[in-house]
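The structure appears below as structure tokens.
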Amino acid sequence: MKNKKTIPPKWADRFLEWYCKPSLFEDLQGDLYEHFYRHIEDKGIRKAKLIFVLNVFKFFKPYTVKKLNFLNKLTQFIMFKNYFKTSFRSIARNKLFSFINVFGLAVSMSVCLLMITLLTEVKSYEKFHADASDIYRATNLYQYLEEEPNLFASTSIIAGKRIKEEIAGVEAATIMRRNFAGDFENDNQKFALRGIWADESFFDVFSFEVIYGDKDQALTNPKSLVITDETALKIFNQLNVVGETLLKGDEPYQVTAVVKTPPFNSHIKFEVIGSFSTLDQAQMQRNATGWLSWQNMWMNYTYFKVADGQSIKNIQAALDKISIDQNSREKYTSIQLGAQPILKIMTGPQISNSLGMNMGSETLWILGILSFVVILSAGFNYTNLSIARSLRRAKEVGIRKVVGAKRGQIFSQFTVEACIISIFSLILAYGGFLLIKPLFLSLNPEMSRMLQLKLEPITIIYFVLFAILVGFAAGLLPSLVLSKLKAIQVLKTTSNTKLFSSVSLRKALIVIQFTLTLGFIISANVAYNQFKYSVNFDKGFNGENIITIGLAGNDPEQVKTLFERIPEVEQISMAAMVLGTGERWGDDLKYKDPLDSTTIYYSSVDQNYIPMLKHNLIAGSNFLRTPTSDNESEIIVNETLLKRFNIGTPQEAIGEQVLVGSNKLTIIGVVEDFHYAPINEPIESFGFRQNLEDIQLLNLKVNSTNLVGTMDKLRAAWEGFDEVHPFESRFHSEHIARAYDTYELMFTIVTFLAFVSISIACLGLLGMGVYTAETRMKEISIRKVLGASESSLIQLLVKGFMYLLLIAAVIAIPATYYLFDSIILADQANRISIGLNEMGLGVLFIFCIGFLTISSQVWKAAKANPSSTLRSE
Amino acid sequence: MKGTNLGEFEEIVLLTIAALMEEAYSVAICDEIEKVTGRKVKLSVVHAVLNRLSDKGYVQSELGAPTKERGGRRKRFFYVTHAGKVALTKSKEQRDQLWSLIPSFNLKFT
């Protein structure tokens, strides 16, 4: 009868137990069992089970069901006052431990508060548009032959036009183009403004607020201009400027509308919008072939709004149809149209060529995980210390239980205590948050452009909820352990050290904590070394003591003569850009075979540039003249190009002709390969050219002991010359360092977090040290009386902790090594090799700190006079 | 609490308890009622009635010894309290009184 099959269904049994009044339960269950066994005999096992289940439900009646224990709940409620009181007392009694807990939680919570604010803010992006969830951005997945496809946020004009005309489910679509910028003139006063081109449907898709003017017609006609209220005030000193004219170069643009400056949480930002028809008409009249090309996708954007009740699936199908149709006319490339919700732009994956900035899901995840790790560490501290301290509280729990406290009540008591601690921490953390907020925003110029980290009421609510959640999570384990204690056990045994089996849990928590801390330290070290390595890497040229000055559209020769008058300036060279920063221009290059082409990256320079930046010219000669706007005929290439086309030795290459774009150029020199791009990218074909239109900056070699003074002179000279554009100067090396600021950023963030997590982990260790010294005081004294030396005592107590640290190191070192070696630095062409140096230093550091923390406490215990501890017994 | 009137089914259950003497627990009561009246009795119904009877104070119950056939669970034995006995007697008396009022010819089956 006892075999498994003849037992009634377990779940029904449990259900009965759950709802049935304890006073009725046994009898009821017995009856059901009796019936059940009886039914097995005359109706078979399956039917018997069914009847059992049915009966369980039939018994679910008012008189059998447990009363909702209102009285119980009420006591719980009344007891809260008592919980608060005991909690405060216990917090006040253990000042050190409370401090460690509150401080540790506060530090890590301030990091999390920052994260919460950041997330709420990032999530608020684009929400101000009406029906924001229906707005999409058309994306292009570009693939050349069989190469890896790339995703772009930009798309072709033809795609935009076809979306407008052909897709029925699209309510409105707008084509935009970036880089509508320049000097606008009013009353002989020039203003440099930046913005975008957009067509007449712009305001149908987006909800930017139009203050003056007709938003439906504002961007219809060519040479129309929509300006923001700020711009209007800047130029005209008044808001209603509809109908006014501004000169861009010598072309008049008419202001047709004034809009509010785009809100902070819009990824599209502009000071002016030019009507897209300006470009479109001009190009269509000229019948330019490239304008409507499927591949003209680098500058244009299409955003569209899906009509109500239309599913994006249908739209995507229509987009696919357009792509197939267009791709059938292309030879080498295929472009796949896609749609990305506008709400996902800020938080979604990073897509090349985006119109605005985006945070990127990757960054958000990394930041989120890092803050989680930090709060986890602080939570561990709380758990650890509370469980360790709970020996002291065991008696209290015992007595409470004897008096009649239920398990749930004890549990809520300790949870309340944890929550009180975390609310305290929240107050401190808020201060910390205000402190680190400006630091965080100033980490990176992009950060402050993307984020304000303004506090909204909802964020405050999040904060409080977060604090309660943290309190609950941190207090969960101690509360469970304590509420499980049996009154008899606690009160009977005088020494209750054996009561807790969670010693290994505590050890595990310490190990995890230090593993994370070590991970942070090692990461910070690696990131810093990579940054230093990248900046100081021998790139094949040397820009030391060179100041670069942006021309802002001025004639290079004029500006050059301007600065030549300053005596400290030794030499001036012209260039299109600062190489090695990631900025690059490219064109098609062909050698003898007209079908074989490669991309050549280039910069236009003058004759002074190559010697000034100490490029190594290995064959041929330097340019002889300054760049000209026509008759460009010469090029100096790098070695890689020679290898690409098998041109032979550098000497043989001199005099060969190549076709760059549509210019026939003669190779007059060959430079040694150098890193024109950030060093994490491989070196490809590169050439120096002499096209005057490309020149955008001057490099000044300055010989001066008073750099600040020289800088002022340069600035004064510039301001006397060009009143519209600000003086933009920077050291060449600064430009280079900026290119690697991801590493620097990573280093700063990780160092900060490392610092936070070290402090937290050490506070925890300190707490454990104090606790150990306290509980083993008698043992230490007795050992001392029996003749143990102080050093051997310290050794005895420290050994256990150092052992834990060792385990942490054993886990952390390979894990971090793997993380950097195979994931973070894996796709970098030039990177540091991670050696003992990077790893070992951090570990050593942690060991020292850990040792000092523990031994300071133990030392105190070991030094104590044994008679004073033992006499009191 | 409802009134102290005995319902028809309550009365049957109460009588059965009295009849079963020492063996009156739910399942046995069920079986006995089925045997005597021939009607199908649901366990849950009997339980509800027993609960009501003890609310009215007509029965009391105590747990017996654990038995094997119930998976080691104890039986709850019921016995009729004084109030129960009074109620039963009263109900019987009322009926008897009514019976005595009926002229004999009226009950002749036709």
When restricted to A:ASN327, A:ASN353, A:ASN296, the only residue in contact (Cβ under 8 Å) with a residue 24 or more places away in the chain, touching a helix residue (DSSP H, G or I) at 6+ places or on another chain (Cβ under 9 Å) and open to solvent by 20 Å² or more (accessible area, probe 1.4 Å) is A:ASN296
By residue number, the members of the stretch A:139-161 that are assigned to a loop (DSSP other than H, G, I, E, B) and open to solvent by 10 Å² or more (accessible area, probe 1.4 Å) are A:LEU145, A:GLU146, A:GLU147, A:GLU148, A:PRO149
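To keep it simple, each residue is scored yes or no on (1) open to solvent by 40 Å² or more (accessible area, probe 1.4 Å); (2) over 26 Å from A:ALA138 (Cβ atoms); (3) at pLDDT 90 or above.
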| site | (1), (2), (3) |
| --- | --- |
| A:GLU209 | yes, no, yes |
| A:TYR212 | yes, yes, yes |
| A:ILE227 | no, yes, yes |
| A:ALA232 | no, yes, yes |
In the stretch A:240-269, anything touching a helix residue (DSSP H, G or I) at 6+ places or on another chain (Cβ under 9 Å), part of a strand (DSSP E or B) and hydrophobic (A, V, I, L, M, F, W, C) is listed as A:LEU246, A:VAL255, A:ALA257, A:VAL258, A:VAL259
Within the stretch B:64-88, residues open to solvent by 50 Å² or more (accessible area, probe 1.4 Å) and more than 13 Å from the chain's Cα centre (by Cα) come out as B:ALA65, B:PRO66, B:LYS68, B:GLU69, B:ARG74, B:HIS82, B:VAL86
One residue is enough: does the stretch A:416-437 have a residue meeting the conditions assigned to a helix (DSSP H, G or I) and farther than 23 Å from A:PHE466 by Cβ? no
Just to be sure before I move on: is A:ILE468 assigned to a helix (DSSP H, G or I), open to solvent by 30 Å² or more (accessible area, probe 1.4 Å), among the hydrophobic types (A, V, I, L, M, F, W, C) and in contact (Cβ under 8 Å) with a residue 24 or more places away in the chain in the structure I sent?
yes
Test B:ASP31 against the stated conditions and say whether it is within 10 Å of chain A (Cβ to nearest Cβ), under 25 Å from B:GLN94 (Cα atoms) and surrounded by fewer than 18 Cβ atoms within 10 Å (Cβ to Cβ).
no
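Residues checked against (1) open to solvent by less than 30 Å² (accessible area, probe 1.4 Å); (2) more than 10 Å from every other protein chain (Cβ to nearest Cβ); (3) charged (D, E, K, R); (4) within 22 Å of A:HIS35 (Cα to Cα):
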| position | (1), (2), (3), (4) |
| --- | --- |
| B:VAL13 | yes, yes, no, yes |
| B:TYR25 | yes, no, no, yes |
| B:VAL36 | no, yes, no, yes |
| B:LYS40 | no, yes, yes, yes |
| B:LEU43 | yes, no, no, yes |
| B:ALA48 | yes, no, no, yes |
| B:LEU53 | yes, yes, no, no |
| B:VAL59 | yes, yes, no, no |
| B:GLU62 | no, yes, yes, yes |
Of the residues in the stretch A:570-624, those that are surrounded by 15 or more Cβ atoms within 10 Å (Cβ to Cβ) and basic (Lys, Arg) come to A:ARG584, A:LYS590
Note on B:THR4: of the conditions (1) within 14 Å of another protein chain (Cβ to nearest Cβ); (2) at pLDDT below 85, unmet is (1)
Apart from one, (1) surrounded by 16 or more Cβ atoms within 10 Å (Cβ to Cβ); (2) free of Cβ contacts under 8 Å to residues at least 40 places away in the same chain all hold for A:ASP187; the odd one out is (1)
Report task. Using the structure shown, decide if B:ASP96 is open to solvent by 40 Å² or more (accessible area, probe 1.4 Å) and without any contact (Cβ under 8 Å) to a residue 12 or more places away in the chain. Result -> yes
Based on this model, can you work out whether A:CYS762 counts as of a type outside the set (Ser, Thr, Tyr), under 36 Å from the mean Cα position of the chain (by Cα) and closer than 21 Å to A:PHE380 by Cβ? yes
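Please pick out the residue among A:PHE372, A:PHE433, A:PHE424, A:PHE414 that is buried (at least 23 other Cβ atoms within 10 Å of the Cβ) and under 24 Å from A:LEU453 (Cβ atoms).
So the residue among A:PHE372, A:PHE433, A:PHE424, A:PHE414 that is buried (at least 23 other Cβ atoms within 10 Å of the Cβ) and under 24 Å from A:LEU453 (Cβ atoms) is A:PHE433.
Within the stretch B:27-37, is there a residue that is among the basic types (Lys, Arg) and under 26 Å from A:ILE7 (Cα atoms)?
No, there is no match, as no residue in the stretch B:27-37 is among the basic types (Lys, Arg) and under 26 Å from A:ILE7 (Cα atoms).
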For A:SER412, indicate whether it is within 35 Å of the chain's Cα centre (by Cα) and among the polar types (S, T, N, Q).
no
Scanning the stretch B:67-99 residue by residue, those more than 9 Å from every other protein chain (Cβ to nearest Cβ) and in a strand (DSSP E or B) turn out to be B:PHE77, B:PHE78, B:TYR79, B:VAL80
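The values are calculated or read from the model by the stated rules, or taken from the named source; none is laboratory data. None of the values given here were measured: they were computed from a predicted structure. With ideal geometry, Cβ positions are generated from the backbone for all residues, glycine too; neighbour counts draw on all protein chains shown. Remember, those area values only see protein heavy atoms, side chains included, never the ligands or the DNA or RNA. Shrake-Rupley method; radii C 1.70, N 1.55, O 1.52, S 1.80 Å.
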